[in-house]
Amino acid sequence: MEQLSKCKKEVITLAIETSCDETSVSVLKNGRRVLSNVIHSQIDQHKKFGGVVPEVASRQHIELINQIIETALKEAEVTFDDLTHVGVTYGPGLVGALLVGLSAGKAIALAKDIPLNGVNHIEGHIYANFIEHPELEPPFIALIVSGGHSHLVYMKDYGDYEILGRTRDDAAGEAFDKIARALELGYPGGPLIDKLAKEGNKDKIKFPRAFLEDNSFDFSFSGLKSAVLNYINTQKMKNEPIIVEDVAASFQQAVIDVLVHKTVQCAIDKKVKQVVLAGGVAANSGLRTNLIDKCKPYEIDVKYPSLNLCTDNAAMIGCVAYYEYIRGIRSGLDLNAIPNLKL
């Protein structure tokens, strides 16, 4: 086995992510080379409830965290003695779930007398692109879309962000889940709607697009969600058929049109030629295709992570932790979970 600890130029990061319903641990070398990225999803446990149950998620993390850490170290062919520091998500997320990962990270940092770096989960989603695309460097516009977040961010440099827009109500991924539930598709809703949308007519039903005020880069999907629910209920009251594929396609396109329009406009306003997608909804094939098509006339390059890096994972957390570590940033062992942490 390579003696990583003897090479001072190499930074070996152990990263832990437990913000929601994935228990994940990763080992990285120098921030962008992933030696292991173990992810255990709890989707099967939460499907019967139609969404994540916080108490169930926390218990699962407690049961799995030590095993996942051991597996990640083994796959990376390193030991605790090889680690340079520990990176761990401390927010935003479910407080009970966050505390499990945070406690494990603190224990390792204390036991091995190595630094601790607390990481913002939203920031982690952006950095997934650095792992996927080693050549990527700031500045760029990041569209972060997931079950809990919809952000437009101008990343000027590592750790230097300007928040241009955020959701005012439902996040994009949250809207996908709620509409999927209304259509009785199951959980999680995003992949199911994306699949059905390919078989439907996106122009069949005229759902609203909330672009908000002029020059606003904020998002609002509650009105669209209500419009879709009203359509479904009206069809049922009239005893008229609901073509699920058409509803899925029309709803998804309404979300995509707003996300893409605002993202392209941000890139133009900031005079940048790079846009990155991040978060669970970045896996949506329609969003990827539409954004690439709309960016082409402006010669804006679009990048996004592979599917396993779109969902919650510890590798993206480790990438952030690395760049904080080399900038001399350290977290104390009194670091607490912050469920509503802002970027």
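The values are calculated or read from the model by the stated rules, or taken from the named source; none is laboratory data. Just so you know, these numbers come straight off a predicted model, no measurement behind them. All Cβ positions, even for glycine, are placed from backbone atoms using ideal geometry, and neighbour counts span all protein chains on display.
When His151, His85 are checked against the criterion of being within 14 Å of the chain's Cα centre (by Cα) and in contact (Cβ under 8 Å) with a residue 12 or more places away in the chain, His151 stands alone in meeting it. With respect to the conditions (1) in the same structural domain as Ser26 (by TED's automatic domain parsing); (2) in contact with a helix residue (DSSP H, G or I) (Cβ under 9 Å, 6 or more places away or on another chain), Ala171 lacks only one, and its number is (1).
If I filter the range 55-76 for residues that are modelled with pLDDT of 95 or more and either within 17 Å of the chain's Cα centre (by Cα) or assigned to a loop (DSSP other than H, G, I, E, B) (or both), do I get at least one hit? No, every residue in the range 55-76 fails to be modelled with pLDDT of 95 or more and either within 17 Å of the chain's Cα centre (by Cα) or assigned to a loop (DSSP other than H, G, I, E, B) (or both).
The set of residues in the range 123-181 being more than 30 Å from Ser226 (Cβ to Cβ) and part of a helix (DSSP H, G or I) consists of Glu123, Gly124, Ile126, Tyr127, Ala128, Asn129, Phe130, Ile131, Glu132.
Could you check, for the range 106-120, whether at least one of its residues is in contact with a strand residue (DSSP E or B) (Cβ under 6 Å, 6 or more places away or on another chain) and assigned to a helix (DSSP H, G or I)? Yes: one or more hits. Quick one: in the range 275-325, which of the residues that are acidic (Asp, Glu) and closer than 29 Å to Leu116 by Cα is modelled with the lowest pLDDT? By that ranking, first place goes to Asp312.
Answer yes or no: is there a residue in the range 114-137 that is of a type in the set (Asp, Glu) and more than 30 Å from Tyr161 (Cα to Cα). Within the range 114-137, none of the residues are of a type in the set (Asp, Glu) and more than 30 Å from Tyr161 (Cα to Cα). One residue stands out in the range 47-102 among those that are in contact with an Asp or Glu (Cβ under 6 Å, 6 or more places away or on another chain) and over 30 Å from Gly328 (Cα atoms): the one that is surrounded by the most Cβ atoms within 10 Å (Cβ to Cβ), namely Ala57. Sub-8 Å Cβ pairs linking a first residue in the range 282-302 that is charged (D, E, K, R) to a second residue that is outside any helix (DSSP H, G or I), at least 6 apart or interchain, are Arg288/Leu277; Arg288/Val302; Arg288/Tyr304; Glu299/Lys273; Asp301/Lys273; Asp301/Gln274; Asp301/Val275, ordered by first then second residue. Give me a count of the residues in the range 84-102 that are under 14 Å from Asn120 (Cα atoms) and part of a loop (DSSP other than H, G, I, E, B). Qualifying residue count, the range 84-102: 3. What do you reckon, is Gly165 of a type outside the set (Phe, Trp, Tyr), closer than 19 Å to Gln252 by Cβ and surrounded by 18 or more Cβ atoms within 10 Å (Cβ to Cβ)? No, not satisfied.
Counting the residues of the range 237-254 that are part of a helix (DSSP H, G or I) and over 17 Å from Gly173 (Cβ atoms) gives 7. Scanning the range 1-49 for residues that are among the polar types (S, T, N, Q), part of a strand (DSSP E or B) and either over 22 Å from Ala109 (Cβ atoms) or modelled with pLDDT under 90 (or both) returns a single hit, Ser41.
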